[in-house]
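Student: Submitted below is the structure of interest, expressed as structure tokens.
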Amino acid sequence: MNNKLNRFFFGLLIALIVGQVISYLVAPASWNSFVGVLPTIVSMIAFWGPIIMLIAFGVVSITLRMLGFSSFEDLRRELVEENNPAPAIIFTGTLISSILFLMIVIKP
């Protein structure tokens, strides 16, 4: 399994490198412009990421408490043993809304 995981990450790294090379060859001025503003974007993510994570954690915690889950064991039992997808839908919805909020806040 470790070999498959290593090949998967190696494939992702190759895809990233090939994508960057193609991007640079197609529009070098645009690529250089983006690389120039990349430190600003990374600092915005470093600043807003933990804040958004805390907000998302609060929303998920409050929502799951309102649904009657008092622990992760209750959540696991509901997901696995009772085959109820509602908690997973809440997690996914919160994740998507957090990413959308991050896209709104971070503007290069």
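Student: Suppose we keep only residues that are aromatic (Phe, Trp, Tyr) and touching a helix residue (DSSP H, G or I) at 6+ places or on another chain (Cβ under 8 Å) within the range 67-108. Which one would you say is farthest from Val42 (Cα to Cα)? If you could, list the steps in order and put the result at the bottom.
Tutor: Of the range 67-108, the ones aromatic (Phe, Trp, Tyr) are 69, 72, 91, 101.
With touching a helix residue (DSSP H, G or I) at 6+ places or on another chain (Cβ under 8 Å) added as a condition, the list becomes 69, 91, 101.
Numbers: Phe69: 36, Phe91: 25, Phe101: 16 Å.
Looking at the filtered set, the residue picked out is Phe69.
Student: Also, I was wondering about something else. For Asn32, are the conditions met, namely being modelled with pLDDT of 85 or more and assigned to a helix (DSSP H, G or I)? Reasoning before the result, please.
Tutor: Details: modelled with pLDDT of 85 or more: yes; assigned to a helix (DSSP H, G or I): yes.
The answer is yes for Asn32.
Student: Follow-up. Of everything in the range 1-29, what is of a type in the set (D, E, K, R) and either surrounded by 10 or more Cβ atoms within 10 Å (Cβ to Cβ) or at pLDDT 95 or above (or both)? Give them in sequence order. Walk me through how you get there before you give the answer.
Tutor: So the first thing to find is which residues in the range 1-29 are of a type in the set (D, E, K, R), and the list is 4, 7.
Of everything in the range 1-29, just one residue is of a type in the set (D, E, K, R) and either surrounded by 10 or more Cβ atoms within 10 Å (Cβ to Cβ) or at pLDDT 95 or above (or both), namely Arg7.
Student: What pairs can you find where one residue is in the range 29-42 and within 21 Å of Ile104 (Cβ to Cβ), the other is exposed (fewer than 11 other Cβ atoms within 10 Å of the Cβ), and their Cβ atoms are less than 7 Å apart, with a gap of 6+ or different chains?
Tutor: Close Cβ pairs (under 7 Å, with a partner that is exposed (fewer than 11 other Cβ atoms within 10 Å of the Cβ)) amount to Val37/Pro108; Thr40/Pro108; Ile41/Pro108.
Student: Of the conditions (1) surrounded by 10 or more Cβ atoms within 10 Å (Cβ to Cβ); (2) in a loop (DSSP other than H, G, I, E, B); (3) out of contact with any Leu (no Cβ under 6 Å at 6 or more places or on another chain), Leu102 satisfies every one except a single condition; which number is it?
Tutor: Leu102 satisfies every listed condition except (2).
Student: Report yes if Val37 is in a helix (DSSP H, G or I), touching a Pro at 6+ places or on another chain (Cβ under 9 Å) and exposed (fewer than 12 other Cβ atoms within 10 Å of the Cβ), otherwise no. So that I can check it myself, show each step before the final result.
Tutor: Numbers: in a helix (DSSP H, G or I): yes; touching a Pro at 6+ places or on another chain (Cβ under 9 Å): yes; exposed (fewer than 12 other Cβ atoms within 10 Å of the Cβ): yes.
Considered against the rule, which asks whether it is in a helix (DSSP H, G or I), touching a Pro at 6+ places or on another chain (Cβ under 9 Å) and exposed (fewer than 12 other Cβ atoms within 10 Å of the Cβ), Val37 comes out as yes.
Student: Determine if the range 11-28 includes at least one residue that is out of contact with any His (no Cβ under 6 Å at 6 or more places or on another chain) and not in a helix (DSSP H, G or I). Give the derivation first.
Tutor: We begin by selecting, within the range 11-28, every residue out of contact with any His (no Cβ under 6 Å at 6 or more places or on another chain); these are 11-28.
From the residues that got through so far, the ones that are not in a helix (DSSP H, G or I) too are 27.
Checked the range 11-28: at least one residue is out of contact with any His (no Cβ under 6 Å at 6 or more places or on another chain) and not in a helix (DSSP H, G or I).
The values are calculated or read from the model by the stated rules, or taken from the named source; none is laboratory data. Small disclaimer: the values here were computed from a predicted structure and weren't measured. Virtual Cβ from ideal backbone geometry, glycine too; neighbours counted across all protein chains shown.
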